[in-house]
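The structure under discussion appears below in the form of structure tokens.
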Amino acid sequence: MENILDKTIIGKKDQVEILEVPFINTTRDQFLDIITTHIERKEKKFIITANPEIVMQTFKDSYFKRIIQEASYVTPDGVGIKIASKILDKPILERITGFETMIDLLQTAAKNKHNVYFLGAKNTTIKKAVENVQLKFPGLQVQGYRDGYFTNKESVEIRNEIKKLQPDLVFVGLGCPRQEKWIYENIDHFNKGIFMGVGGSFDVLSGEVKRAPLMWRKLNLEWFYRLVTQPWRIKRMLELPKFLLKVFKEKVENGK
Ligand code: UDP
């Protein structure tokens, strides 16, 4: 993939590096403005929303590390990243979560008539998600959608379809890092578009998975809600203390 970081709007000063992952340090509103500008200019960008678990993934998967370092924007998704930035004395302004970024972009897309494409989740789930977003954001132009269970041959067909449709926004929900790898390996074929991995967001949009109640989210307890409702996530959540330990280690080493 061509390195598209250099052509982003924000400069190095608006980035905070945490364990070699370059996070953007803007407010959620500023980020939305930046992405809207890229859409108006018909540019191509790749957004990764990264939480501690995703940062930890870079230590196990060097290919994924390269992808995250080459993406146009990595947003700080989750309170763990915010804590890490404070530990490293490089505080980030605001959390910019994947789900909220997608909702912000869909809202803006409906207003500005940007076309969107959804890729991911089970067939019935993505259908329901599309129905729900069209009700929630009247006027939203969903150019196409496709479930996330496809063969290599079908992957090429999906790529060709996106190439033909030229959507302004492409949300890919295959889980991390599969979705980032799919974007990375296909993005050179497209002329324009904002490409973003959205994990299990289509499951939430379809109504099949509930997000934590607002109060829990405000208290930064969404992770705890997910743990109670989806206890099989425990293994992944145990990455958080490991992440914080690494951050402390980096602080100590840099302080020498
Ligand atoms: N998924 C998919 N294709 C696959 C594997 C998974 O489309 O081959 C979808 C799955 O149906 C779900 C999402 O990817 O909608 C993964 O959700 P999860 O919450 O596990 O991802 P995370 O947000 O943790 O990255």
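Shown is the FRET efficiency for Val252 and Ser62, computed with R0 = 35 Å from the Cβ-Cβ distance and rounded to the nearest 0.05: 0.90. In sequence order, the stretch 94-109 has phi-based couplings of 7, 6, 10, 7, x, 4, 5, 4, 5, 4, 4, 5, 5, 4, 5, 5 Hz under the Karplus curve 6.51 cos²θ - 1.76 cosθ + 1.60, θ = phi - 60°, and Gly or Pro positions carry x. Of Lys42/Lys90; Lys45/Lys82; Lys44/Lys153, which sit over 26 Å apart, Cα to Cα? The pairs that break the limit, which is 26 Å between Cα atoms, are Lys42/Lys90.
Taking Gln230, Gln143, Gln134 in turn, the Gaussian network model of the chain (Cα-Cα springs below 10 Å) assigns the largest fluctuation to Gln230.
Quick check: at a probe of 1.4 Å, how many percent of the accessible area of the stretch 1-138 sits on carbon and sulfur atoms?
Carbon and sulfur atoms account for 49 percent of the accessible area of the stretch 1-138.
Surface calculation, 1.4 Å probe, protein heavy atoms: Asp29 sits at approximately 110 Å² accessible.
Among Ile96, Leu119, Ser62, pick out the residue whose Cα is farthest towards the positive end of the charge dipole of the stretch 39-173, where Lys and Arg carry +1 and Asp and Glu carry -1 on C-beta, about the Cα centre. After comparing all options, I get Leu119. Under the convention that each Lys and Arg Cβ holds +1 and each Asp and Glu Cβ holds -1, the size of the dipole of the chain around its Cα centre is about 420 debye.
Close amide-amide hydrogen proximity is noted between Lys44 and Gly193, each under 5 Å apart and 5 or more residues distant or on a separate chain (H modeled in the peptide plane; Pro and chain starts excluded).
Calculated mean residue ellipticity, 222 nm, the chain: -15000 deg cm²/dmol, from DSSP H runs (n ≥ 4) at -39500 (n - 2.57) each, averaged per residue and rounded to 500.
With r as the distance between the Cβ atoms of Arg233 and Lys153 and R0 = 41 Å, compute the FRET efficiency 1/(1 + (r/R0)^6) and round to 0.05. Approximately 0.80, to the nearest 0.05. Peptides 238-245, 174-181 ranked from most to least packed, by the mean per-residue count of other Cβ atoms within 10 Å: 174-181, 238-245. For the chain, the spherically averaged projection of the C-alpha convex hull amounts to 13.4 nm².
The values are calculated or read from the model by the stated rules, or taken from the named source; none is laboratory data. Keep in mind the model is a prediction, meaning the values are calculated, not measured. Here Cβ is always computed from backbone atoms with ideal geometry, including for glycine, and neighbour counts include all displayed protein chains. Just so you know, the surface numbers come from the protein's heavy atoms only, side chains and all, with ligands and any DNA or RNA stripped out. Shrake-Rupley method; radii C 1.70, N 1.55, O 1.52, S 1.80 Å.
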